[in-house]
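Readers should treat all values here as calculations from the given coordinates under stated rules, not as data from a laboratory. No experiment lies behind these values; they were computed from the predicted model shown. We place every Cβ from the backbone using ideal geometry, glycine too, and count neighbours over all the protein chains shown.
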Amino acid sequence: MSVWSHRHVLDLAAFSRADFAIVMELAHRFRSMPVTGARKLPALQGRLVATLFFEPSTRTRSSFELAAKRLSADVQSFSPSSSSLNKGESLLDTARTYVAMGADVLVIRHRCTDVPAQLAAELDEAGERTVVLNGGDGQHSHPSQGLLDLYTIANYFHRNHPQPNALQGKRIVIVGDVLHSRVARSNLWALSACGADVVLCGPPSLVPEAFSTFLEAPPPGQDLDPVHQRGKVQISRSLDECLSSADAVMTLRLQKERMTNHLLTDLDRYHRDYGLTHERLLRCSFSGPVLHPGPVNRGVEMSGALLDDRSICLVEDQVRNGIPIRMALLYLMAASEPVAESSRISASS
Ligand code: NCD
């Protein structure tokens, strides 16, 4: 049996299989609650959740804010363009301002790796009770996205009871710009922890060979891997080959804003080699679900027709599931009696 033990949520490398089970089970309960009538739960009444997004976001930010509101928290959102950052205030001093206003949770997104972890260390050192939830840092980690993707895939295979075991032995393909993707990295930790094998597919410029050992080093900041037996990671250059033996496929946006040199010159060729279409899925006899964390470049990562085909493409499910997943995280991190409550939400490892 296991109980929730994470003060901050910075990285899924630190999660055991039991941690994934706790979040999935709680999210499932939140998702199953009726959305009509009393939409709000009182769990975070009187708590303040501040969303500090130093990078653009549509889904993650709105989803965190809706999740916080559905738990009755007060929500304060920070927007860099109209803030005192323009007057030279540092990021840390900006965050301290929200702590001084009484923020219980800081959800932070930043283009630099480790900004959320540095902030969390600073708060711990200062003895503050405020906790940090990583909303995406650089190319490093995007825990809430990894969790909602995991939940969405598990729910596809085990409808009505999504749990880590639903992933055991599954073969999940992640295709595209893995190099720049914090989503791919968080998915690697999450899927492998639940026993899935992950195939990373793309050209060498976007999926370097070094990713084949990604899961071998101890997770960042830890001596021991909290997971006893992870699924494997493999690299492939042929999407057709991967698809013919895959259970699910996730495609990633080409992150041109993070590409320092011209890694891709020909988008038509990229679409031909690595784009998902109905024709390709049919040719490869692939009948599983297609996922994408969004935002999507229609006609590049996948055809517009596939993106709009809800019988195959789970993009809208991912967005929908993001709210209960983030409710679960906020609840576990900030509800008034987290220990008593989480011991009832326990799971076997
Ligand atoms: C992703 C991100 O910001 O890391 N989007 C998201 O959070 N849904 C992926 C991306 O920007 O391509």
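A few remarks follow.
- With a cut-off of 12 Å between beta carbons, the residues surrounding Val49 carry a summed charge of +2, where Lys and Arg count +1 and Asp and Glu -1.
- Using alpha-carbon coordinates, inclination of helix 315-334 to the longest axis of the chain, degrees: 30 degrees
- Mean separation of Cα contacts under 8 Å, 6 or more apart, over the residue count of region 1-132: relative contact order %: 27 percent
- Taking N as its residue count, the alpha carbon Rg of region 143-315 over 2.2 N^0.38 Å: 0.98
- Normalised contact order of region 143-315, rounded percent, pairs of Cα under 8 Å and 6 or more residues apart: 22 percent
- A simple spin-label model places the labels of Glu209 and Arg298 4.0 nm from each other, with each point 7 Å out along Cα-to-Cβ.
- Rough spin-label spacing in nm, given labels placed 7 Å along Cα→Cβ, for Gln76 and Ser62: 2.5 nm
- The order of Asp273, Asp114, going from fewest to most other C-beta atoms within 10 Å of their C-beta, is Asp273, Asp114.
- Based on the reciprocal of the average 1/r between different C-alpha atoms, the Kirkwood radius for the chain equals 20.6 Å.
- Residue exposure sequence - Cys284, Cys201 - by fewest surrounding Cβ within 10 Å: Cys284, Cys201
- Degrees between helix 91-100 axis and first principal axis of the chain (Cα, 0 to 90, nearest 10): 50 degrees
- Between helix 59-70 and the chain: long-axis angle, C-alpha atoms, 0 to 90°, nearest 10: 40 degrees
- Placing a label point 7 Å from the Cα of Ser2 along the Cα-to-Cβ direction, the residues of region 169-200 whose backbone N falls under 12 Å from that point are 190, 193-195.
- Neighbour-count order for Glu65, Glu128, Glu209, Glu316, fewest beta carbons within 10 angstrom listed first: Glu209, Glu316, Glu128, Glu65
- Dimensionless Rg over Rh [region 63-117; C-alpha; Kirkwood]: 0.97
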